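The values are calculated or read from the model by the stated rules, or taken from the named source; none is laboratory data. Treat the numbers as computed from the prediction; the structure is a model and nothing was measured. FYI the Cβ positions are ideal-geometry reconstructions off the backbone, even for glycines, and counts take in every protein chain you see. What goes into the accessible areas is simple: the full protein's heavy atoms, side chains included, and nothing from ligands, DNA or RNA. Shrake-Rupley method; radii C 1.70, N 1.55, O 1.52, S 1.80 Å.
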Amino acid sequence: GWAVENYLSPLPPSLEAGGTARVNAGRNDCLNVRSGAGLSAESTTCLADGSSVKLASGPIVADGITWWQIEDMGWASGQYLSPIDD
């Protein structure tokens, strides 16, 4: 018979506060972590491509960018973060 479950595809994982993410800066670059959500906030560190991080809160949109707070570090652009299944 016909069942809805046979026609639904699972949603791809998404970033969420409390979740884990991997840095995807690309080209062996690093991802700037800032003291606040926004391009004018001071860059406090740079995370290596491939690093795993815990997301503390977010998202917040500032300067046209979606920012996520990385636990015990600061804020980073979600454009360069990919969710990891815990």
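Below, the figures for the structure above:
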quantity	calculated
Filtered residue count, the stretch 73-86, keeping only those that are open to solvent by less than 40 Å² (accessible area, probe 1.4 Å) and outside any strand (DSSP E or B)	1
Matching option when the condition is buried (at least 19 other Cβ atoms within 10 Å of the Cβ) and modelled with pLDDT of 95 or more, among I70, I60, I65	I70
Residues of the stretch 19-55 that turn out to be open to solvent by 40 Å² or more (accessible area, probe 1.4 Å), modelled with pLDDT of 95 or more and in a loop (DSSP other than H, G, I, E, B), as a count	4
